[in-house]
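Following: one structure in C-alpha cells, then a few remarks.
The values are calculated or read from the model by the stated rules, or taken from the named source; none is laboratory data. Note that the coordinates shown come from a computational prediction; the quantities given were computed from them, not determined experimentally. With ideal geometry, Cβ positions are generated from the backbone for all residues, glycine too; neighbour counts draw on all protein chains shown.
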Amino acid sequence: MTLSDTPIAKIRRGEAHTIHTRGITLLRSGHREVRRLKRANHVPSIHGNKVWNSSFLIMDQLTRERRALSLGPDTHLMDIGCGWGPLSIFAAKRLGCRVTAVDADEDVFPYLELHAAINKTSVTTLQKRFENLTKALLADVDVITGADICFWDELTPVLFNLIRRALNQRVRRIIIADPGRSPFYELAQRCEEKFDARLVERRTQTPRELSAELLIIDGPR
C-alpha cells in the first residue's frame, strides 16, 4: 500500500503537541489529530504509540552520510519497525529516497499516513514481522534503518538473522539505533563478531537533548 496526501486540518508552526525539526513536522500523542485516530480505535499494540527518540539520531547519521551513500531517488530505503513513521517521512521528504515502511502492527499505519499527509510526501507500507522479511523482499533494498526496535531479548536473534539475510542480498548499509537496552547491546556484539559492524554514540540537542547508540553495519562492497 502506498500512503499519499489525505485531507487533514492544517498544522500550524508552534501549535501545541507538534515537533518541527530537520525539515519535517511530527505530532505528539496529545495532538488533536492523533486523538482523533485513537477515538477511531486505531490503537497500536507493539509500542507504536509515539515518536521514538532514536529516530532523530538516525536522521542525523543519514544526513551526515548522504553524499557517501548516494542517497536520493535511486535509493530504496527500508525502515523496519517504522511505527508512526518519522524516519520514513524524513527519508522520503528530505533525502528523496524511495521508502518502504515496515511494521508488524497494522494500527501504526494510520499515524504514518497522517504524518505523510502533513509533510506532503508518500511512502510504501508493508505489514510484516522481522522474521517474514524474506530475501525476495530485501532483494532491491539499498539501506535499512530501525529505531528503538530491539527491546525484547527474543528480538536479538530475529534481528541478527534479518541482518544476515539483508547482507546476503547485498544491502549496502544497515543502521539500528537504541538508547542502550541490553538486547540491543547483545545484537551489536554478535554483529561486530560476524559482520563489518561498529557501534557509535550520537547526541543531539534538538528537538531536545537526546543520545543513542547506533549500530552501523556495512554490506559487501
### Message
Which condition from (1) under 26 Å from residue 199 (Cα atoms); (2) crowded, with 23+ Cβ neighbours inside 10 Å is the one that residue 64 breaks?
### Response
(2)
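Specify which of the listed residues (77, 87) is buried (at least 22 other Cβ atoms within 10 Å of the Cβ), of a type outside the set (S, T, N, Q), modelled with pLDDT of 95 or more and part of a helix (DSSP H, G or I).
None of the other options fit; the residue is 87.
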### Query
So which residues in the stretch 103-124 are part of a strand (DSSP E or B) and crowded, with 24+ Cβ neighbours inside 10 Å, if there are any at all?
103, 123
### Task
List every residue pair whose Cβ atoms lie under 6 Å apart, where the two residues are 6 or more positions apart in sequence or sit on different chains, the first residue falls within the stretch 177-205 and is without any contact (Cβ under 8 Å) to a residue 60 or more places away in the chain and within 21 Å of residue 220 (Cα to Cα), and the second residue, located anywhere, is assigned to a strand (DSSP E or B) and acidic (Asp, Glu).
196/218; 199/213
### Task
Kindly provide the set of residues from the stretch 92-112 that are under 13 Å from residue 127 (Cβ atoms) and not hydroxyl-bearing (Ser, Thr, Tyr), ordered by number.
101, 102, 103, 104, 105, 106, 107, 108, 109, 110, 112
### Query
Condition test on residue 113, is it touching a residue at least 24 places away in the same chain (Cβ under 8 Å), of a type in the set (D, E, K, R) and over 16 Å from residue 171 (Cβ atoms)?
yes
### Query
Taking residue 166 and the conditions (1) of a type in the set (A, V, I, L, M, F, W, C); (2) part of a helix (DSSP H, G or I); (3) surrounded by fewer than 19 Cβ atoms within 10 Å (Cβ to Cβ); (4) in contact with a strand residue (DSSP E or B) (Cβ under 7 Å, 6 or more places away or on another chain), which numbered condition does it fall short on, given that it satisfies the others?
(3)
### Query
Within the stretch 138-163, which residues are of a type outside the set (A, V, I, L, M, F, W, C) and either assigned to a loop (DSSP other than H, G, I, E, B) or more than 19 Å from the chain's Cα centre (by Cα) (or both)?
140, 142, 148, 153, 154, 157
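Does residue 99 satisfy the criteria of being under 16 Å from residue 81 (Cα atoms) and outside any helix (DSSP H, G or I)? Quick ask: steps written out before the conclusion?
Working: under 16 Å from residue 81 (Cα atoms): yes; outside any helix (DSSP H, G or I): yes.
Answer is yes for this residue.
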### Query
For the stretch 104-147, which residues satisfy the criterion of being modelled with pLDDT of 95 or more and among the charged types (D, E, K, R)?
128, 129, 131, 135, 140, 142
### Message
Quick check on residue 187: is it surrounded by 20 or more Cβ atoms within 10 Å (Cβ to Cβ), of a type outside the set (Asp, Glu) and under 21 Å from residue 98 (Cα atoms)?
### Response
no
